[in-house]
Amino acid sequence: MKLKSNLKKKYRVRNKLKKNAQIDRYRLSVFRSSKNISAQIIDDVKKITLVSVSSMSKELKIEKRNKSELSALVAELLAKKAQGMNIKKIYFDRGTYKYHGRIKILAETLRTKGMEF
């Protein structure tokens, strides 16, 4: 079975992360569409999602914002929820997206809010 190039890229990035990942860290997976962004912290050992935040949630849909502001707000909300669950160390799974633009804004905002990766 042949895989499409975007799936190959996603698996290549994820497998590199999993090889170098420690057991005490969770994975932060990011999904970006043309209008929205979502992020979730996943425990790969138990195969469950611990925390998830999306720009489509009711808390963030109150006012109209541009996409980069939404990325920063999603990161702030995710950091707040993760700190409530005592999650400080994660590794960043950017998927098929380049570390640029909204993905970079999300990561830098998480770092300023106390997340380590």
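Every number in this text was worked out from the coordinates using simple rules, so none of it is lab data. Not measured: the values here are computed from a predicted model.
Points to keep in mind about this one:
- Antiparallel DSSP beta bridges within the chain, percent to nearest 5: 70
- Relative contact order, percent, the chain [alpha-carbon distance under 8 Å, six or more residues apart]: 29
- Tail beyond 18 Å, pair distance distribution of the chain (Cα, percent): 51
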